[in-house]
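In what follows, a single structure is set out as C-alpha cells and then discussed.
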Amino acid sequence: MTQKNIALNIILSVVTCGIYGIYWYYCIATDIYNSRNNISTTPILTIVLNLVTCGIYGIYVYYKWGKAMYEVCTERGIPCEDRSILYLILSIFGLAIVNMALIQSDLNQMAA
C-alpha cells in the first residue's frame, strides 16, 4: 500500500477524461483487496462488473469498501469512522471521484 497524491489523481482523472480514474480505481481496489481477505471479487473483476452493469455494481462496491476500510482501521487501531453510508449516497448521486478521494485519504493514513 503506497501513499498517493489525491489532488494529482483527481487532476489526471479529469485531464484524461476518466481513463486515469479507471487506473486509480484499480489501485484502490488492489489495496483494499490486499488488506482484507473477505473481499469476494478481485480488482479486475470489480472493474469488469462495474462496466458491464453501467456503474450499478460500483454503488455496491463503494458501500462494501467503506465497511472494509472501517474494519481494517479498527483492527489496526487507527481512529476512523464507518463511511459506508456516505460512500453509498455519494455514488448514487454520481460523485464517485469524491468517494475515491476519501478512500485514498484513508488508505494514505493507513500507509503512514
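Among the residues making up region 55-112, those that are farther than 15 Å from R36 by Cα, open to solvent by 20 Å² or more (accessible area, probe 1.4 Å) and among the aromatic types (F, W, Y) are Y57, Y60, F93.
Residues of region 2-35 that are surrounded by 15 or more Cβ atoms within 10 Å (Cβ to Cβ) and among the aliphatic types (A, V, I, L, M): I6, I10, L12, I28, A29, I32.
Among the residues of region 43-68, those that are farther than 17 Å from L95 by Cβ and in contact (Cβ under 8 Å) with a residue 24 or more places away in the chain comprise I47, K64, A68.
Being more than 17 Å from Y23 (Cβ to Cβ) and open to solvent by 100 Å² or more (accessible area, probe 1.4 Å) is the filter here; which residues of region 39-54 pass it? Scanning region 39-54 gives S40, V52, C54.
The rows are residues; the columns are (1) more than 18 Å from L107 (Cβ to Cβ); (2) within 13 Å of the chain's Cα centre (by Cα); (3) among the aromatic types (F, W, Y); (4) modelled with pLDDT of 90 or more.
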site: K4; (1), (2), (3), (4): no, yes, no, yes
site: S13; (1), (2), (3), (4): no, no, no, yes
site: Y25; (1), (2), (3), (4): no, yes, yes, yes
site: S35; (1), (2), (3), (4): no, yes, no, no
site: V52; (1), (2), (3), (4): yes, no, no, yes
site: G55; (1), (2), (3), (4): yes, no, no, yes
site: K64; (1), (2), (3), (4): no, yes, no, yes
site: L86; (1), (2), (3), (4): no, yes, no, yes
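The values are calculated or read from the model by the stated rules, or taken from the named source; none is laboratory data. Predicted model, so just to flag it, every value in this text is computed and none were measured. So basically every Cβ, Gly included, is an ideal-geometry build from the backbone, and we count neighbours across all protein chains shown. Heavy atoms of the whole protein, side chains included, go into the accessibility calculation; ligands, DNA and RNA do not. Shrake-Rupley method; radii C 1.70, N 1.55, O 1.52, S 1.80 Å.
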